[in-house]
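Written below as structure tokens is the structure these notes are about.
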């Protein structure tokens, strides 16, 4: 199932190992940003991060020249925005971080790292890279800055640079935040067994129930993405047992239930997750599930919520052409999707954008232009079922039935329940193609 890259991106911000010197390299080394891939750098529950914010605010009223506390407050606002899906906190975060930089303009690694994290959250990845590089230059041992740099480079499509950055982070500080990022990079390379090992290392390193829940959740995500649905459900439930307030795990339970055909319970659990935190990904997934069940009026209501959220993000400095373009390609205006995603491709070249633009071009009837991008989306070896499905549809439309059969088979082998809307279509297409052999 396609994931929105927003905040998930605690999954674009949480993310990547032999390419890194292998897991063994980090067992006893000399010796990160909440990422959607994976970064549990803060690993706060909503109440605890609220307490942190209030404590810092009280302190700064008494000590307004404390640059470190202003930097901490700015980063805490970014984390609070991620947990609550409230982008109106981003301007507050920027004001606090810039106040820190005003108080201490030179060698302010904490504020520079915070600005990188804020830029990543807003999907301003070029700015995030610049801030993270400044932080690393200020302090080459600032492991959290390498986390922000990894996130930015991953989203910019600088795969070699991202791998180097996450390896440096692992060397400096093997932790939940670094291992989860390593897992994401490995997953993008199609090295899912090693990605699982990295997440297991992250779980071993996790020192609190919140961190452990975070790791169990992402083990569930990886299991889901590789078609191990019962195992995914088990991981999601373990995460909830560790931290009942961890909403991503509740949404994961709903996703797994839907894949297992328990659609009534899935709808209930999605609604409960959205009532807690209206994460765009959850809203989209519920909409698509309802659409697959023929409940089109309810699905449209969810899509309307998603569109309203996108406007709120844009108003608070989030550049979200990827997610909006993906949504428009499947549920709105494919021509608008092409416009949005062409602009995104002009800014950065990760495999996720290649896939999204290729699919939008297909939906707009421009398959000859779509195919090179669909192939580009597989350049790292990513085994994502949606990516293979998209490519297969484009190939079939262009008359290459053999390539379409290969990619449909691979998509369904990776995850036969990757989408409540597209997995049934993939199965039907493959059956027809096999019947024509």
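Residue-wise test of (1) crowded, with 24+ Cβ neighbours inside 10 Å; (2) modelled with pLDDT of 95 or more; (3) more than 19 Å from the chain's Cα centre (by Cα).
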{"position": "387", "(1), (2), (3)": "yes, yes, no"}
{"position": "390", "(1), (2), (3)": "yes, yes, yes"}
{"position": "394", "(1), (2), (3)": "yes, yes, yes"}
{"position": "398", "(1), (2), (3)": "no, yes, yes"}
{"position": "409", "(1), (2), (3)": "no, yes, yes"}
{"position": "413", "(1), (2), (3)": "no, yes, yes"}
{"position": "416", "(1), (2), (3)": "no, yes, yes"}
{"position": "419", "(1), (2), (3)": "no, yes, no"}
{"position": "423", "(1), (2), (3)": "no, yes, yes"}
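For residue 163, are the conditions met, namely being touching a helix residue (DSSP H, G or I) at 6+ places or on another chain (Cβ under 7 Å) and in a helix (DSSP H, G or I)? Here the answer is yes, as residue 163 does meet what is asked. Look at region 103-118: where a residue is modelled with pLDDT under 95 and a partner is surrounded by fewer than 24 Cβ atoms within 10 Å (Cβ to Cβ), sitting 6+ places away or on another chain with Cβ atoms under 7 Å, you get 107/138.
Here residue 346 clears all of (1) assigned to a helix (DSSP H, G or I); (2) in contact with a helix residue (DSSP H, G or I) (Cβ under 9 Å, 6 or more places away or on another chain) except the condition numbered (2).
The values are calculated or read from the model by the stated rules, or taken from the named source; none is laboratory data. Remember, it's a predicted structure, so these values are computed and weren't measured experimentally. Reconstructed Cβ throughout: ideal geometry from the backbone, glycine too, with neighbour counts over all protein chains shown.
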